[in-house]
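Q: Here it is: the structure, laid out below.
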Amino acid sequence: MLILAMLSVLIWLGLLLFWGGFWCADQRLGEGKPPAQWPEVVAVIPARDEAETIETVLSAHGKSQYPGKFSVIVVDDSSSDGTEEIARGVQSTRAIHVLGAPEIEAGWTGKLWALQQGTQAIPDLAPGAAYVLLTDADILHGPETLANLVAKAEAEDLGLLSLMARLDRRGIWGRILIPAFVFFFQKLYPFPLVNDPAKEMAAAAGGCVLLKREALEAIGGIASIRTALIDDCALAAKVKGAGYPIWLGLAHQEVLSLRDNRALNAIWTMVARTAYTQLQYSPWLLAGSMMGMAVLYLAGPVTFGLGFVIESSAWVAAGAVAWALSAVAYWPTANLYRLMPVEALALPFAALLYMAMTLDSAWHHRQGTGGAWKGRVYPKT
């Protein structure tokens, strides 16, 4: 264990110093300089059984302080809880168009099928739109968010701009797992590298994506990623691969997720749906990932504890340093979610739970039930 703890120390030092500054959690939107002319924007919102949040979300879009023309297209994806009826009843000063998606075709995921219907309707419902805001029916946008997104996109000529929504971290499981989820995402896709046009790294957060319509057409539309379960990152890779700069940042209060994360099962289901997909359905990558996470997150605290048992100061010191480095890396994200400093030390426990979720994801995919979401199961592609 001493060797593993020392290896963990070396890896954490390498990550902190050389992996794009991912841990700083400093990529923020801020207020942009207003463009000379505000371009037209249309939001496309796929919705499947979102009766609890759809009215709140659409009302917030209606209160947007965006200076230019802005409209919303809601695509109801065979909801059974009255989502479509609620959406049609929302009163707003902005135009809200509600469409019903036809039966999903083979080879599509539900969300992307709904987005396809919405984007195909843009030439008729918002022909002058220069940007498309892809967002969800449980994502709440602040009144100034769209203006700041467009201002940054125009100033930096971005093909895609995305904000990772602030997630619900209420309850014990939310505090332990949600900030850690955001941290792991940043480690997997370092935001500064994503935002560097010279780097191939690409990622986005699907709850809030402002997409230049020209870029959407250049990649062949939503159909170009129709089979993707991790659709936001697939879209970002397509756009950046087509030569358009992209940007990804962390939201503070500009974009909020209304998804309730207080129950462990809610977080578990969200992660297990795509964890094995992220590993390309490879048992070898799964094994490597488990071993890597064990060394990175568990070797430190385990060695630290065993050091006291065997009365070895070397073990205690090595374990403490490895554990402390993980907490140092985690702290900016933990602080963003208003955790107490001591809670940063819980990162290894969160990592252990995420390892279990990943194994569960692999199991369900091997059983043919992976990728399940809202009553649908998507096979490996």
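The values are calculated or read from the model by the stated rules, or taken from the named source; none is laboratory data. Being a predicted model, the structure only gives us computed values, none of them experimental. Neighbour counts run over all protein chains shown; Cβ positions are idealised from the backbone, glycine included. Accessible surface is based on the protein model in full, side chains and every heavy atom, while ligands, DNA and RNA are left aside. Shrake-Rupley method; radii C 1.70, N 1.55, O 1.52, S 1.80 Å.
Q: Hand me the tally of lysine pairs in the chain: alpha carbons under 16 angstrom apart, and the pair either on different chains or 8 or more positions apart.
A: Counting lysine pairs in the chain gives 9.
Q: When only DSSP loop residues count, what GluC sites (Glu not before Pro) in the range 90-148 have their Cβ near at most 10 other Cβ atoms within 10 Å?
A: Glu103, Glu105
Q: Another question, if that's okay. Calculate how steeply helix 110-120 sits against the longest principal axis of the alpha-carbon atoms of the chain, using the helix alpha-carbon long axis, and give the answer as 0 to 90 degrees to the nearest 10.
A: 40
Q: Residue-wise, which Karplus ³J(HN,Hα) couplings in Hz belong to the range 335-348, taking 6.51 cos²θ - 1.76 cosθ + 1.60, θ = phi - 60°, and x for glycine or proline?
A: Going residue by residue, I get 5, 4, 9, 6, 7, 7, x, 5, 5, 5, 6, 7, 4, x Hz, with x marking Gly and Pro.
Q: Moving on to the next point. Helix-only mean residue ellipticity at 222 nm, the chain, DSSP H runs n ≥ 4 weighted -39,500 (n - 2.57), per residue, nearest 500. What is it?
A: It comes out at -14000 deg cm²/dmol, rounded to the nearest 500.
Q: What is the ratio of the Cα radius of gyration of the range 1-83 to 2.2 N^0.38 Å, with N the residue count, to two decimals?
A: Scaled against compact globular proteins, the figure is 1.91.
Q: Now for a different question. Could you pull out every residue, at least 5 positions away or on a different chain, whose amide H is within less than 5 Å of the one on Val98? Hs are placed 1.01 Å off N in the peptide plane, and Pro or chain starts have none.
A: Val74
Q: Hey, another quick one. Regarding the chain, what is the average projected area of its C-alpha convex hull, in nm²?
A: Projected over every direction and averaged, the Cα hull of the chain covers 18.8 nm².
Q: Further question on the same structure: Just in the range 4-94: which chymotrypsin sites (Phe, Trp or Tyr not before Pro) are loop by DSSP and have at most 14 other Cβ atoms within 10 Å?
A: none
Q: Separate question: Which angle between 0 and 90 degrees, to the nearest 10, do you get for helix 171-188 versus the longest principal axis of the chain when only C-alpha atoms count?
A: 90
Q: Of the accessible area of the range 159-297, with the probe set at 1.4 angstrom, what percent is carbon plus sulfur?
A: 59
Q: Only bridges whose two residues both fall in the chain count here: according to DSSP, what percent of them are antiparallel, nearest 5?
A: 35
Q: A further question follows. What's the Kirkwood radius of the range 245-330 in Å, using all Cα pairs?
A: Across the range 245-330, the inverse of the average 1/r is 16.4 Å.
Q: Could you give the nm distance between label points at Phe308 and Leu285, where each point is 7 Å from its Cα heading toward the beta carbon?
A: It works out to 3.9 nm between the two label points.
Q: If you line up the long axis of helix 145-156 against the longest principal axis of the chain, both from Cα atoms, how many degrees apart are they, to the nearest 10?
A: Helix 145-156 sits roughly 80 degrees off the main axis of the chain.
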